[in-house]
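Derivation of every value follows stated rules applied to the coordinates shown; laboratory data play no part. Small disclaimer: the values here were computed from a predicted structure and weren't measured. Here Cβ is always computed from backbone atoms with ideal geometry, including for glycine, and neighbour counts include all displayed protein chains.
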Amino acid sequence: MKKTLFLFLSFTILSLIGCSKDDDKADVNYITAKFNGIEERFTIISVDKVDYDGYTDIVVRATPNNDLTKIVTIGSEYGVVGPNEIWGFSYETDSAYYEQDASNFTSNITVNSDGNYVGTFSGSLIEENNGNVLVVTSGSFNIKY
């Protein structure tokens, strides 16, 4: 009886420990935001570090699982954190390309080193051909690479 109880408790504890690690994965490797009020989550992520003379940039490209025609790109200097450090933000669909409006776009990078990139963003994006505005709210990213 003691042996059966011990085995039961051991398997229960092991299964709980195993589940918690899988659940943690949902908290990383995403970019999420509302584009004109419609929430989108981008989870197919690629990260490039580009070396220049004296500094390195980090460029992240992401697409949602359900629509590979949508692409978000975020660029900033690697290792630099703080407000408004994103120098490039774009959103692309199969029919339009939007870039951040530098006068109406805010960001805050809180982690940017050792394979971790975390921050928030919001503001306006402008369609390059006709000047249409896309409003971005509640933007955040948490990427491990």
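Some observations on this one:
- Counted by Cβ distance under 14 Å from residue 67, the other residues give a net charge of -2, where Lys and Arg count +1 and Asp and Glu count -1.
- Around residue 42: net Lys/Arg minus Asp/Glu count, Cβ-Cβ under 10 Å: +1
- Computing FRET efficiency as 1/(1 + (r/R0)^6) for residue 124 and residue 53, where r is the C-beta to C-beta distance and R0 is 25 Å, gives about 0.15.
- When only alpha carbons are used to place a centre, region 67-121 and region 37-63 end up 7 Å from one another.
- Neighbours of residue 126 by Cβ distance under 11 Å: Lys/Arg scored +1, Asp/Glu scored -1, total -4.
- The alpha-carbon atoms of region 32-124 define a convex hull whose volume equals 104 cubic angstrom per residue.
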